[in-house]
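The values are calculated or read from the model by the stated rules, or taken from the named source; none is laboratory data. Small disclaimer: the values here were computed from a predicted structure and weren't measured. The accessibility values were calculated without ligands, DNA or RNA, using every heavy atom of the protein model including side chains. Shrake-Rupley method; radii C 1.70, N 1.55, O 1.52, S 1.80 Å.
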Amino acid sequence: MLSTYLRTAWRNIVRGKLYSVLNLLGLATGMAVALLIGLWIHYQLSYDRFVPGYEQAYQVRFNYSDNGVIRNQAEVCLPLGDALKRDIPEVEHVAPAFDIGQAVMVVKDKRIYGDVVCAGEEFLRVFPLPLVTGDAATALQGPSPSIVLTEPMARSLFGKEDALNKTVRWGGDGTPLKVTAVVRELPRNSSFHFDYLIPFSNFAQNSWIKPALTNWNYAYYQLYVSLRPGAKAAGAEAKARLLVRQYAPESYATFHREAMFFPLKDWHLYTDFKDGQPQGGLIDYVRMFSIVGILVLLIACINFMNLSTARSERRAREVGVRKVMGSLRGQLILQFLVESLLMTTLAFLLSVALVQAVLPAFDALTGDAVRVPYGSGWFWLGIFSLVLLTGLLAGSRPAFFLSSFQPLKVLKGTMRIGKAASLPRKVLVVLQFTCSIALIISTIIVYQQIQYARNRPKGYDPNRLIVSRAHSDAFAAFKREAMESGVVSSVTRSANQQTDPLSQLTIDNWPGRLPNEPLSLAWNAVGDTDYFRTLRIGFTKGDNFKGNIAADSTSVIINETAVRRMRLKQPLNQYLDFSFSGTPHRLRIVGVVKDALTKDPFAAAEPAIFMYYPTAAWMYTMRLAPTVSTPTALAKLKAISEKYGPDYPFAYSFVDESYASKFATEMLIGRLAGVFAALAIFISCLGLFGLAAYTAEQRTREIGIRKVLGASVRQVLVLLSGDFILLVGISCLIAAPVAYYFLHQWLAGYYYRITISPLVFVAAAAVALVITAMTVGFQSVRSAMKNPVTALRSE
């Protein structure tokens, strides 16, 4: 029985070659899009799942009150770690950490920069990352100087030799560090980004860390915990929320800081917090593209339904004869469903080939490493379900519609099938084009939002700016020779880039402060007086630093937002009180600079503070001379840098590229939305092409008669194209408010955002109508140009 159904299905597929090809190509494209989106979503959801016990690993963060708004920060105070380990039995391991940034490690004549994380003794117990060699329990124990390398870095430094127990030197000071472990190369779907791990205890006695070990006000460090097997995070977190109130009541009275546990499994997906809880981030786009995948697959299924029911008149006599011969309706339904499933299976095989062919380009576009998991049983179970669901969905309407024909009417020729099927078919065309046009509108809005943020006033000029880490002791000599070379117009140094503040500085008191009013400012350390001139950040009031340690150590510069936040009508010569490195400071405001972007290009400028602190200013910022080519300037700077810092390779980055990287997620989403919108339109047009071809075929004699009676080609073109253009026009009217609603919600998440213009909807409608006219017009013109004698000679 099944073999008979399959043979019959195959004959019907071969008989209608054009429609079969259109169906196959449409379904294959839709399934390829759905499969590609599914693989991408699976990849995003798989982040950090390679870590054993990832379900019990958490980052401890602070929720705090900022002028009545609950905010969340990743930095916490170090005493909290001791309290968690001591007071909460659910907590098994605790590890503080902080990201030092880039540092150079030296082995013989090899000098390699890498990202350094200073990690607590139990870091590799909280996160049991796979090790090539070494013991996770002792690798980060102090106080002896030691280091943990990643596998790629170990290969770079030692080649094929075993790195365990070998020695590397830290930067220019030559501090020897013994390799105690090597972490296996981490997969790309990992939230861990480091090249070296240094024991936290090695730095614990430094003047800038030692005071923080016992001070609950110094919220500058990361803290990670793992819970015991079977322990519930909710219960542990409830106890952790009380610790600041218990051990630091004065600090709690000001900031109302409460600890919260942020699970490792959510780090990649949730980057936005609202009211102290993770609310959004990449997870929003994962959900959005889940819907997009379903919509594109639905569009492909609609094509199948429409083309199958449109050709129902050709199958009507077949159904009539089968019923006269004794076939039951259930058997006919099964026949048509088998036909649909066979077509879906063929489309799936083609879709896998398409996905495999485009994966390299897709990975290059997304920066991911998506793979088809052919060896996974869950994958094949999902694929079987997808093929079955798609086949049943695509074949359901043709099966039930065609099997309902009455054999007597069919065989007598009194049945008119086209009109009965036309209304549902038109509804489906409207539905698929509504989805496609909504995707076009979304693509335009995403692009406009990105461009709007990229072109916003930044408050500084990132063009021709480069940054490089080098030895700060040689800064004066480096700057003098770099300026004399003529390849740069300005050189300065600071602790961090403008768009990456060092940390948040807690201000204890300022003029007009309300009782227990909190205030944190984005802090950066400036190393010389040319910082604001180099970045082209203008002053609105006051003066720059003098370049004199004695004078500048008691001075501070703030931005306009900080002035507004502190409600200072006359900010100059006002004093700010805070503690830094364990020492109380009282600094005088000597200048106010214009607002410049800090971290988020879509957000308002943060209140910021700049201190004159040369010993913390490790990052050189240079503005290349406008008349010198970039390669020439870089070659000269490399030679000068290696002259004054031979142990520090000249590694640099362009500030404008670093700024552009802040749009990486939005740019990716925009590109993906554009690709999928184009594919949705392509699939929809395949359906229109098939329907137009069928309509022209059905109205061949009508067209012939009209031409004999004097109808022009243009009139025939309008006759055949009018209905389809009308349907797409209706789709535009439906898609516009639907897209507006969801895009308005999306834009609401950005402080700095565009206003949706009506022109966007007009442009999307114009694109859809032009594409429709071109698709349908080809078949219409072809039919209109035929000789009417050919159509009428049999009458």
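Given the convex hull over the Cα atoms of the range 543-589, what projected area results after averaging over all orientations, in nm²?
On the way: hull surface 14.7 nm².
It is 3.7 nm².
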Per residue value of the accessible surface for the range 418-512 (all protein chains in place, 1.4 Å probe), Å² | 38 Å²
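Mind pulling up the Rg/Rh value for the range 440-528? Radius of gyration and Kirkwood radius, both on Cα. Spell out each step's value before the answer.
Values: Rg = 19.7 Å, Rh = 17.3 Å.
Taking Rh as the inverse mean 1/r over Cα pairs, Rg/Rh reads 1.14.
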log10 I(q)/I(0) for the range 268-308, Debye formula on C-alpha points only (no solvent), q = 0.32 Å⁻¹, two decimals, reads -0.94
Set 541/638; 110/458; 108/638; 210/239; 546/594, cut-off 29 Å on Cα-Cα distance; pairs above it are 541/638; 110/458
Estimated vicinal HN-Hα couplings, Hz - the range 507-521 in sequence order (Karplus 6.51, -1.76, 1.60; Gly, Pro = x) = 9, 7, 7, 7, x, x, 5, 7, x, 6, 7, x, 7, 10, 10
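Tell me, what is a quarter of the convex hull surface for the C-alpha atoms of the range 101-157, in nm² with one decimal? Before the final figure, lay out the partial values.
Numbers: hull surface 17.2 nm².
Mean shadow area of the hull around the Cα atoms is 4.3 nm².
Regarding the range 93-220, what whole-number volume in Å³ per residue does the convex hull of its Cα atoms give?
On the way: hull volume 14.2 nm³, N = 128.
Here the figure is 111 Å³ per residue.
Based on the alpha-carbon set only, what is the convex hull volume of the range 213-301 divided per residue, in Å³?
Working: hull volume 12.3 nm³, N = 89.
It comes to 138 Å³ per residue, whole-number rounded.
Could you work out the relative contact order of the range 414-549? I mean the mean sequence separation of Cα pairs under 8 Å and 6+ apart, divided by the number of residues, in percent.
Details: 85 pairs, mean separation 29.8, N = 136.
Rounded, it is 22 percent for the range 414-549.
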At the level of C-alpha centres, the distance separating the range 107-176 and the range 658-683, in angstrom, is 39 Å
Just the Cα atoms of the range 484-609: what Rg and Dmax do they give in Å?
-> 14.7, 55
Could you list, bin by bin from short to long, the percent of Cα-Cα pairs of the range 633-689 in 5 Å steps?
-> 4, 15, 11, 11, 9, 8, 9, 8, 7, 6, 5, 4, 3, 1
Please work out the C-alpha center-to-center distance from the range 246-302 to the range 591-620 and express it in whole Å.
-> 27 Å
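On average, how much accessible surface per residue is there in the range 514-559, in Å², for a 1.4 Å probe, leaving out ligands, DNA and RNA?
Details: 1810 Å² over 46 residues.
Accessible surface, normalised per residue, equals 39 Å².
How high is the relative contact order of the range 202-309, in percent, counting Cα pairs under 8 Å that sit 6 or more residues apart?
Details: 56 pairs, mean separation 13.6, N = 108.
Averaging sequence separation for qualifying contacts and normalising by length gives 13 percent for the range 202-309.
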dims of the range 16-103, Cα set, principal axes, largest to smallest, nearest Å -> 75, 38, 36
Whole-number accessible area per residue in Å² for the range 76-148, which is evaluated in the context of all protein chains at 1.4 Å = 37 Å²
State, in angstrom, two size descriptors of the range 587-667 derived from its alpha carbons: Rg to one decimal place and Dmax to the nearest whole number.
-> 16.7, 43
